[in-house]
Amino acid sequence: MKYILMMNCPKTGYDTFGAWPQKDIQAHIGFMMSLNKALRESGELVSAEGLASPHEAKVVRAGKDGAPVTDGVFPEAKEFLAGYWIVDVESPEQAYAIAARASAAPGPGGAPMNMPIEVRQVMSGPPEDLL
Amino acid sequence: MTSRPWDARSEHLLRELAPQVLGAVVRRFRDFPAAEDAVQEAMVAAAIQWPREGFPDNPRAWLIQVASRRMTDYLRSESARRRREPAVAMQSGYLAPAADVENGTDQDDTLILIFMCCHPALTPSSAIALTLRAVGGLTTAEIANAFLVPEATMAQRISRAKNSIKTSGVPFRLPTSQERTERLRAVLHVLYLIFNEGYTSSVGPQLQRSDLSREAIRLTRAVHNLLPHDGEVAGLLALMLLTDARCAARTGPDGELIPLTKQDRTLWDQQEISEGIALLTATLPKGSIGAYQLQAAIAAVHDEAARAEDTDWPQILALYDLLQRMSDNPMVMLNHAIAAAMVHGPSKGLGLLDALDADGRLAGHHRLDAVRAHLLELAGDHQAAIAYYRTAAGRTTSLPERNYLLTQAARLTEGMTNPASNDSTR
């Protein structure tokens, strides 16, 4: 079964992250890279992406003639998707365990950040098993 | 050497030979991961050389010889790497001549390989991947594609499975009769999961990925040929055929789910139905009836009805009674409730669902809500049926199923505001 693990953070999070000491930024990035590597090697990783800064984020709708109408400049406190993993695991508990690993990524001073990670199952049913 | 153009038949031949060759090489060298690589290389060599130089007289022996040569090279470099004398490899028999290669043990080898790949120590997803790779002869890319994961991820999954078999030290031999029942159960379960994966397409928006179902049928047929007297193997093959026969009628033009009662039965594959029924007819009188045979028998009763209203529900109910006595499975109880409702009326079925509520194992499962919605609709309580269809839609993780359930709720809702339109859509 596949799960998406979504890491959300407020818009301001991107700015404060950039202001961390260099060694903390490096430790954080190194942690994420080794997590992805471990998930790839365990045969669980479907995909993982980090998303660019929400400062350029736009909400787009189709206008009258189908042309894009954009909406932007969001309040600082608004939460944005910062990155996600899609994993293929045998049970929800395994997905939660991976989310907890990601959540404990090191922050300033190397302390675990314990970020909230939203875990949702990807639409796909386990085989209907009678026996 | 005989000259013959390279075509689909040649591909098919390689696919058929792959597990036999792998089995023979594993038996000789006892190193599953390395043997798999060696056989892969031999397959590639065949695909290059045979079209150019003609087919060998004995393709299987040719492949075993080439793969064994690769193995020998590999073991030599391995032992050099470990600074061991080549004599060590000699002593352990690794480099012994292929005395038994020409003997007719290929069938046993295929069977042993299946038993190995479906080892109960592996997780289902690992066992499925390994079986498709080693016995089914699918490429890693094909398997990855079928399960919608990146090739690298599937490659890791397969290589971990191979290594855990290597480290578990499973001997390459037929399981003893004591182990046999347990192991065969695991094998049939893996084949059943592969079939289901293709049939219900648990991944992604497509409802059917018939290539996986076809592969499951091919592998089960192979096991049936090796163990023709096992009733459950025949039962599983019959179940797959009798279910797959309805494949073309099961989805509409846009991939939407069409339930059994609404299917165009002229689209059912009569050849598969007769083969499935023939298999059942041959095994049922042999005594000891298992769960796969019973499920196949139920599928056969459905397949034999020319119209939904001709379905012999009393017989289906009797079969579910037997199945329920055999396995304490809430899904069987659920299907039993449907059959009881069809025979004795919806209120009887709804009463049985209350018992399932009390049982608790299906609590929160969308299937329970969907069946309750269906029975409430049959009982005429459309208001409650709509609510349960919607609850079920919110709980399923299958997209086609969610769309189907929401459509059912919408149909009943429209029928309530405009009663005249209800009959026409039923």
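Within 10 Å, count the other beta carbons around each residue, average over each peptide in B:138-151, B:236-249, and list them highest first. It would help to have the intermediate numbers written out before the result.
Working: B:138-151: 18.8, B:236-249: 24.5.
Result, highest mean first: B:236-249, B:138-151.
Each of B:Asn329 and B:Asp7 was given a label point 7 Å from its Cα along the Cα-to-Cβ line. The distance between the two points is 4.2 nm.
Between the Cα long axis of helix B:291-304 and the first principal axis of chain B there is an angle of about 60°, rounded to the nearest 10.
Listed from fewest to most Cβ neighbours within 10 Å, the set B:Trp50, A:Trp20 follows the order A:Trp20, B:Trp50. Work out the FRET efficiency for B:Thr281 and B:Arg30 from their Cβ-Cβ distance, taking R0 = 41 Å, and round it to the nearest 0.05. Approximately 0.45, to the nearest 0.05.
Simple rule: put +1 on each Lys or Arg Cβ and -1 on each Asp or Glu Cβ in the protein assembly as shown, find the dipole, and look at A:Phe74, A:Ala27, B:Ala410; the Cα lying farthest toward the positive end is A:Ala27. Towards the positive end of the charge dipole of the protein assembly as shown, with charges on Cβ (+1 Lys, Arg; -1 Asp, Glu), say which of B:Thr261, B:Ala341, B:Leu174 has the farthest Cα. Selected residue: B:Leu174. Relative to the first principal axis of the alpha-carbon coordinates of chain B, what is the inclination of helix B:210-226, with its axis defined by its Cα atoms, in degrees from 0 to 90 and to the nearest 10? Helix B:210-226 and the main axis of chain B meet at about 60 degrees.
For segment A:2-121, just say rounded, prolate or oblate: build the C-alpha gyration tensor, square-root its eigenvalues into a ≥ b ≥ c, call rounded for a/c under 1.5, and beyond that prolate if a/b exceeds b/c, oblate if not. Since a/c reaches 1.5 but b/c is at least a/b, the shape of segment A:2-121 is classed as oblate.
Counting only other chain Cβ atoms within 10 Å of each residue's Cβ, the peptide B:396-402 averages 4.
Simple point charges give the picture: +1 on the Cβ of Lys and Arg, -1 on the Cβ of Asp and Glu, and for the protein assembly as shown a dipole about the Cα centre of about 1340 debye. Extending 7 Å from the Cα toward the beta-carbon at both A:Ala52 and B:Ala308 defines two label points whose distance is 5.2 nm. For chain B, the longest principal axis of the C-alpha atoms and the axis of helix B:32-53 are separated by about 80°.
Only one residue of B:Leu242, B:His366, B:His382 has its Cα farthest out toward the positive end of the dipole of chain B, where Lys and Arg carry +1 and Asp and Glu -1 on Cβ, and that residue is B:His366. Sparse packing (at most 12 other Cβ atoms within 10 Å of the Cβ) combined with a DSSP loop state is found for the following GluC sites (Glu not before Pro) in segment A:1-107: A:Glu76.
The helix-based estimate of mean residue ellipticity at 222 nm for the protein assembly as shown, built from -39,500 (n - 2.57) per DSSP H run of four or more residues and divided by its residue count, is -20000 deg cm²/dmol to the nearest 500.
Taking only the C-alpha atoms of chain B, Rg followed by Dmax gives 25.3, 88 Å. Arranged from fewest to most other beta-carbon atoms within 10 Å of their beta carbon, B:Cys117, A:Cys9 become A:Cys9, B:Cys117.
Using the crude model of +1 on Lys and Arg Cβ and -1 on Asp and Glu Cβ, and no other charge, please compute the dipole size for chain A relative to its Cα centre, in debye to 20. Present the calculation step by step, with values, prior to reporting the outcome.
Numbers: 11 positive and 16 negative charges, 76 e Å.
Using Cβ point charges on Lys, Arg, Asp and Glu, chain A gives about 360 debye.
Can you pull the semi-axes for segment B:206-353, root of five times each eigenvalue of the Cα gyration tensor, sorted largest first, whole Å? Show your work: numbers first, answer last.
Numbers: eigenvalues 116, 92, 37 Å².
Largest first, segment B:206-353 gives 24, 21, 14 Å.
Centre-to-centre, using Cα atoms only, segment A:27-96 and segment B:136-203 are separated by 32 Å. Close Lys pairs in the protein assembly as shown, defined as Cα atoms under 29 Å apart and 8 or more places apart or on different chains, number 17.
A short reminder: the numbers here are calculations on the coordinates, not readings from a lab. This structure is a prediction, so every number in the text was calculated from the model and none was measured. No Cβ is skipped: glycine too gets one built from the backbone with ideal geometry, and neighbour counts run over all protein chains shown.
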